[in-house]
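Engineer: I have a structure here, written as structure tokens, and I will follow up with some questions on it.
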Amino acid sequence: MKIIGVINVSPESFYKGSVRTSDEEIAAAARQMQQDGAHIIDVGAMSTAPYLDTMISVEEEIRRLKNALAVVRQSCDLPVSADTPRAPVAEAAAAAGADAINDVTGLKHDSGMASVIAKADIAAIIGAFSSSISTGRIVGTLKALRESVSIAKKSGIKDSSVIVDPSIGFFREEGKGPFFTRITDMPWYLRDIEVLSSLKKLEALRKPLCISVSRKSFIGHLLNIPAVEDRLAPSVVCEAIAAISGASLIRTHNVRETVRAMTMLHLLVH
């Protein structure tokens, strides 16, 4: 099990507790995550949350990301992934030393993304995404991920470099921006429960599975917890279920708590 710690340098991000904008804040967060047991740090410079209006220019995203990557790489020894759906940003991130690209749209939003990753010879975390209406059932997620795995293979990304992510929170009846998948057959929050309850079916892809549920809105909706700061405990429960169901990586805002939970889980079930 690998733990991915999240650092957002985008003030627009849905969880303000994850936002670090000054070099000092970014460096301190990276050092703390390494100390707390993270294996990877994921840096995001533009929020893709489908219920927020958070689009920024490519130039601004590159500026934020290049600076943050430099600070993180100077501050800790961990591999770093760059969270972006845009190929020019990914190219700049790879040139700045990113070890992976985390694309919530599964190489589909930007047709140049796959070739950028292949050329850089780095890892790809590919999210479930469809530009057309999908089903909220697990079969819709599986279909979207199969398509992205195929794109990766055809573009020359090494099979061993591909990680899949079911994109919890990104299948919605409606939203803002181009980075979510529209569904019409079930409420968005039930889709997230459906997928988390069916993760073993994603083993058919034969790829490492990354799960990102930390403090997300389905938790707030189902448990009536509007404050993102109050969603820690149910986030860790969902992460534990994901681990039991075969996840290889957990992407989280809460590195210390998640590492402790995974350590205890390992002691209990092995």
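Engineer: Run the helix sum for the chain: -39,500 (n - 2.57) per DSSP H stretch of 4+ residues, divided by residue count, reported at 222 nm to the nearest 500 deg cm²/dmol.
Structural biologist: -13000 deg cm²/dmol
Engineer: Here's something else I'd like to know. Placing +1 at every Lys and Arg Cβ and -1 at every Asp and Glu Cβ, with all other atoms neutral, what dipole size does region 40-83 have around its Cα centre, in debye to the nearest 20?
Structural biologist: Its charge dipole is roughly 180 debye.
Engineer: Taking amide H positions as placed in the peptide plane 1.01 Å from N, state which residues far from F180 in sequence (5 or more) or on other chains have amide H under 5 Å from it.
Structural biologist: none
Engineer: Another one. Let me know the charge dipole size of the chain about its Cα centre in debye, to the nearest 20, where only the beta-carbon of Lys, Arg (+1) and Asp, Glu (-1) is charged.
Structural biologist: Roughly 680 debye for the chain.
Engineer: Here's something else I'd like to know. Measuring from a point 7 Å past the Cα of D185 along Cα-to-C-beta, which residues in region 124-167 have an amide N at less than 20 Å?
Structural biologist: Those under the cut-off are 128-148, 166-167.
Engineer: Using θ = phi - 60° and the Karplus relation 6.51 cos²θ - 1.76 cosθ + 1.60, list the HN-Hα couplings for region 99-106 in order, rounded to whole Hz, with x at every Gly or Pro.
Structural biologist: 8, 7, 10, 10, 10, 5, 9, x
Engineer: Where Rh is the Kirkwood radius over the Cα pairs of region 72-192, the temperature 10 °C and the viscosity 1.306 mPa s, what D in µm²/s does Stokes-Einstein return?
Structural biologist: 109
Engineer: So, in Å, what gap is there between the alpha-carbon centers of region 186-243 and region 79-128?
Structural biologist: What the calculation gives is 24 Å, centre to centre.
Engineer: Can you list residues whose amide H is under 5 Å from I211's amide H, if they're 5+ apart or on another chain and H is modeled 1.01 Å from N?
Structural biologist: L249, I250, R251
Engineer: Going down the list K154/K200; K176/K216; K119/K158; K143/K200; K66/K119, which pairs span over 22 Å between their C-alpha atoms?
Structural biologist: Too far apart for the 22 Å limit: K154/K200.
Engineer: Oh, and also: Rounded to the nearest 0.05, what FRET efficiency is calculated for R206 and R260 with R0 set to 41 Å and r the Cβ-Cβ distance?
Structural biologist: Approximately 0.85, to the nearest 0.05.
Engineer: Turning to a different aspect of this structure: Expected output is a single nm value to one decimal: the length gained when fully extending between E60 and Q35, i.e. 0.36 nm times separation in residues minus the C-alpha distance. What is it?
Structural biologist: Stretched out fully, the E60 to Q35 stretch lengthens by 6.0 nm.
Engineer: Can you pull the Kirkwood radius for region 10-81, inverse mean 1/r over Cα pairs, to one decimal in Å?
Structural biologist: When all Cα pairs of region 10-81 are included, the Kirkwood radius is 12.7 Å.
Engineer: Work out the charge dipole of the chain with +1 on the Cβ of Lys and Arg and -1 on the Cβ of Asp and Glu about the Cα centre, then indicate which of H109, S134, A29 is farthest towards its positive end.
Structural biologist: S134
Engineer: Loop-only check: which GluC sites (Glu not before Pro) in region 50-146 are DSSP coil with at most 16 other Cβ within 10 angstrom?
Structural biologist: In loop regions of region 50-146 (DSSP not H, G, I, E or B), there are no sparsely surrounded GluC sites (Glu not before Pro).
Engineer: I would also like to ask the following. Once ligands and nucleic acids are excluded and a 1.4 Å probe is used, how much of L265 is accessible, expressed in Å² to the nearest 10?
Structural biologist: 30
Engineer: By how many nm would the segment from A233 to D121 grow when fully extended, if each residue of separation counts as 0.36 nm and the alpha-carbon distance is taken off?
Structural biologist: Full-extension gain reported as 36.6 nm.
Engineer: P(r) of the chain in 10 Å steps, Cα pairs, percent per bin?
Structural biologist: P(r) for the chain, in whole percents per bin: 7, 32, 40, 19, 1.
Engineer: How do H253, H39 rank by accessible surface area computed with a 1.4 Å probe, from largest to smallest?
Structural biologist: From most accessible down to least: H39, H253.
Engineer: May I pose another question? Quote the FRET efficiency, to the nearest 0.05, computed for D53 versus K158 with a Förster distance R0 of 41 Å and r equal to the Cβ-Cβ distance.
Structural biologist: 0.65
Engineer: Next question, about the same structure. Of I138, I241, which has the most accessible area and how do the rest follow, probe 1.4 Å?
Structural biologist: I get I241, I138, largest accessible area first.
The values are calculated or read from the model by the stated rules, or taken from the named source; none is laboratory data. Quantities reported herein were computed from a predicted structural model and do not represent experimental measurements. Please note: Cβ atoms are built from the backbone with ideal geometry, for glycine as well, and neighbour counts cover all protein chains shown. Protein only, heavy atoms only, side chains kept; ligands, DNA and RNA dropped before computing areas. Shrake-Rupley method; radii C 1.70, N 1.55, O 1.52, S 1.80 Å.
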